[in-house]
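Participant: Sharing a structure with you now.
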Amino acid sequence: MKFYDCKPAPSPRRVRIFLAEKEVTLPTEQVDLKAGAHLRPEFAKLNPWRTVPVLELDDGTTISEAGACCRYLEEIYPEPALLGREAKDKALIAMWDHRCEIDGFLAAAEALRNSTPGMKGRALPGPVGYEQIPALAERGKSRLRHFFEVLNERLASSEYIAGPTYSIADITAFVTVEFAGWMKLVPAENQMHLLRWLEAMRERPSSAA
Ligand SMILES: N[C@@H](CCC(=O)N[C@@H](CS)C(=O)NCC(=O)O)C(=O)O
């Protein structure tokens, strides 16, 4: 199996942290997004959506989308379980992970891609060059502020995002909070539950991934 990564990018970081938590190392190829390596025809054969991460299996199957990559890795390397063990936990983890992706991760991407000069004409990832809409950058930032509030409230009564155990939802939320930091959006001093959790996430060895 081979992992197509791009070290500075947040989406493949979700998979890197997932792998680090499972103490799995895969042969890895760095895809130079800045140089447009993902827009070349060879890469389109691996992933028609032209994004990283991608997992290439030994039989040639390719799996893109961070969540789908993690789903596959969980089946192959079940321990420690990061997608839950029992029906209820699996559903709650999937619920929180999905909300963190939609309300947090995609809001951060919306804010960054619609405001960064180097991303002009690249407001959405993938093969189509969409123009930036500055109002979406502002909306993304305000969605992120709300996301921080939601996380802080949740973490007031739960050790981890989806419940009493660490899961993929923590990975998605953690990558998102650090991604928001690129735009100088950080938790407020009075969001003490979010700050407590963030410190715990940063102390995990996987945070270096
Ligand atoms: N929904 C996809 C998003 C992947 C994505 O947007 N990856 C970015 C890097 S963080 C990318 O490949 N961007 C290519 C581009 O900007 O065209 C996933 O979860 O894997």
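What follows is calculated from the coordinates using simple rules that are stated; it is not laboratory data. Since this is a predicted model, take the numbers as computed values, not measurements. Virtual Cβ from ideal backbone geometry, glycine too; neighbours counted across all protein chains shown.
Participant: Out of Arg16, Arg40, Arg50, any idea which swings most in a Gaussian network model of the chain, alpha carbons joined below 10 Å?
Facilitator: Per the Cα network of the chain with a 10 Å cutoff, Arg40 tops the list.
Participant: Within the range 181-209, find all residues whose amide N lies under 16 Å from a label point positioned 7 Å from the Cα of Ala156 along Cα-to-beta-carbon.
Facilitator: 188-197
Participant: Further question: Just subtract the alpha-carbon distance of Lys88 and Lys7 from 0.36 nm times their residue separation and send over the number in nm, one decimal.
Facilitator: 25.8 nm
Participant: A further question on this structure: Percent of Cα-Cα pairs per 10 Å bin, from 0 to the last occupied bin, for the range 87-208, please list those.
Facilitator: The percentages, shortest bin first, are 14, 42, 30, 13, 1.
Participant: Within 12 Å, Cβ to Cβ, of Val24, how many net charges do the neighbouring residues add up to if Lys/Arg are +1 and Asp/Glu are -1?
Facilitator: Details: positive: Arg16, Lys22; negative: Glu21, Glu23, Glu74, Glu79.
Taking every other residue near Val24 into account, the sum is -2.
Participant: Can you tell me, using C-alpha contacts under 8 Å and at least 6 residues apart, the relative contact order of the range 2-76 as a whole percent?
Facilitator: About 35 percent, as a whole number.
Participant: Follow-up. What residue among Ser158, Ser167, Ser11 has the largest mean-square fluctuation in a Gaussian network model of the chain, using Cα springs under 10 Å?
Facilitator: Among Ser158, Ser167, Ser11, the largest mean-square fluctuation in the Gaussian network model of the chain belongs to Ser158.
Participant: While we're looking at this one, here's another question. Mind listing which trypsin sites (Lys or Arg not before Pro) in the range 138-199 are in a DSSP loop and have 11 or fewer other Cβ atoms within 10 Å?
Facilitator: Sites meeting the loop and neighbour criteria: Lys184.
Participant: While we're here: Count the net charge of all other residues whose Cβ sits under 12 Å from the Cβ of Glu159, scoring Lys and Arg as +1 and Asp and Glu as -1.
Facilitator: Neighbourhood net charge equals +1.
Participant: Under the definition of Cα pairs under 8 Å and six or more residues apart, what whole-number percent is the relative contact order of the chain?
Facilitator: Relative contact order, the chain: 21 percent.
Participant: Using a Gaussian network model of the chain with C-alpha springs under 10 Å, which one of Ile133, Ile63, Ile76 is most mobile by mean-square fluctuation?
Facilitator: So, out of Ile133, Ile63, Ile76, the one fluctuating most is Ile76.
Participant: Scan the range 52-106 for GluC sites (Glu not before Pro) in coil per DSSP, keeping those whose Cβ has at most 11 other Cβ atoms within 10 Å, and list them by number. Walk me through the intermediate numbers first.
Facilitator: Working: sites: Glu56, Glu65, Glu74, Glu75, Glu86, Glu101; in loops: Glu65, Glu86.
Those that pass, being in a loop and sparsely packed, are Glu86.
Participant: In whole Hz, what ³J(HN,Hα) sequence does the range 84-100 give by Karplus (6.51, -1.76, 1.60; θ = phi - 60°), x for Gly and Pro?
Facilitator: 3J(HN,Hα) across the range 84-100, in whole Hz: x, 10, 9, 3, 5, 5, 4, 5, 5, 5, 4, 4, 5, 4, 5, 5, 5.
Participant: If you take the Cα Rg of the chain and divide it by 2.2 N^0.38 Å, with N the number of residues, what do you get? Walk me through the numbers on the way to the answer.
Facilitator: Working: Rg = 17.0 Å, N = 209, 2.2 N^0.38 = 16.8 Å.
This ratio for the chain stands at 1.01.
Participant: Could you pull out the GluC sites (Glu not before Pro) across the range 123-209 that fall in loop regions by DSSP (anything but H, G, I, E, B) with no more than 12 other Cβ atoms inside 10 Å? If you can, show how the numbers build up before the last one.
Facilitator: Working: sites: Glu131, Glu138, Glu149, Glu153, Glu159, Glu178, Glu189, Glu199, Glu203; in loops: Glu131, Glu159, Glu189.
Counting only loop positions with at most 12 other Cβ atoms within 10 Å, the GluC sites (Glu not before Pro) in the range 123-209 are Glu131, Glu189.
Participant: Length gain on complete extension for the stretch Leu195 to His146, per 0.36 nm per residue less the alpha carbon to alpha carbon distance?
Facilitator: Length difference between fully extended and current span is 16.1 nm.
Participant: Can you give me the distance in nm between label points at Glu75 and Val128, each placed 7 Å from the Cα along the Cα-to-Cβ direction?
Facilitator: The two pseudo-label positions are separated by 3.0 nm.
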